[in-house]
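The values are calculated or read from the model by the stated rules, or taken from the named source; none is laboratory data. Treat the numbers as computed from the prediction; the structure is a model and nothing was measured. Virtual Cβ from ideal backbone geometry, glycine too; neighbours counted across all protein chains shown.
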């Protein structure tokens, strides 16, 4: 085995974090061919494969993980040269994928918090509601609903949140308020498009009101909120979003309630990046501070919010 090039190890570091040659090429400012050539040179030096092909991306082999640990030490040493004896200035781009509501009310404030603490970090938030990706290509951190089944990644429980049934005051004045779950059959539901819903836990929540037919459906939870406010029907909404609107009233809080959980997913090697760690820390802080709102409870109150 020859001594590997430090440049080749840093290329592996970029590929290992993103899972894609193209993403690594963009990060390093080189082309795809250069990445491929550097990885091939590194494998010749080490005498074995450092990456293995998976569906839609690249995964580290055992040898690759050993090499990546060495690459992280090189990266740390290089960055330390610019600030000898001082605290390292964190910088770089961290891309977060999360559901629409989480992106707006948890990830966005967390991103602002990161920028206050580390002006060199740029946070990119991609809003989408889906299962955890098996490749995580192009994403540093994913936040999903429900415990994910993932390989070669870590999944950490972030926070619980509550879905409740809401109606606008205008709707209730025109149609009356259901007194029981049985009465829900006389009303229409505002929720996700059933055939396009990818998240099992969100699909299960629909069973809280199985007799209700759809009114306005969407893949975006902000559409759910606004359609409910516009008196399109009864909305099955995250409490931390609906409770922000005084024109919405929560209905049957003890009978119609779903407790769901946000999970954070990322590659182990990605979580070791200090800039990613800073973003994850901020997300946890904001989620903890918003715990009462996420659960549909007034701050300092242990009971669910009810119709006012």
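Which count do you get for residues in the range 174-193 that are part of a helix (DSSP H, G or I) and surrounded by 11 or more Cβ atoms within 10 Å (Cβ to Cβ)? Before you say what the answer is, go through the steps one by one.
The initial filter retains those residues of the range 174-193 that are part of a helix (DSSP H, G or I), namely 174-175, 181-186.
In the following step, the residues that additionally are surrounded by 11 or more Cβ atoms within 10 Å (Cβ to Cβ) were identified as 175, 181, 183-186.
Looking only at that region, the number is 6.
Which of the numbered conditions does residue 67 fail, given that it passes all the others? Conditions: (1) under 26 Å from residue 158 (Cβ atoms); (2) at pLDDT 80 or above.
Single failed check for residue 67: (1).
Check residue 215 against each of (1) crowded, with 20+ Cβ neighbours inside 10 Å; (2) without any contact (Cβ under 8 Å) to a residue 60 or more places away in the chain and name the one condition it does not meet.
(1)
Mind listing whichever residues of the range 174-206 are more than 22 Å from residue 254 (Cα to Cα) and out of contact with any helix residue (DSSP H, G or I) (no Cβ under 9 Å at 6 or more places or on another chain)?
The answer is 174, 193, 195, 196, 198, 199, 200.
Could you list, in sequence order, all residues of the range 127-157 that are within 10 Å of the chain's Cα centre (by Cα) and at pLDDT 90 or above?
Passing the criteria: 141, 142, 143, 144, 145.
Kindly provide the set of residues from the range 1-51 that are within 20 Å of residue 69 (Cα to Cα) and out of contact with any helix residue (DSSP H, G or I) (no Cβ under 8 Å at 6 or more places or on another chain), ordered by number.
Selection gives 19, 20, 40, 43, 44, 47.
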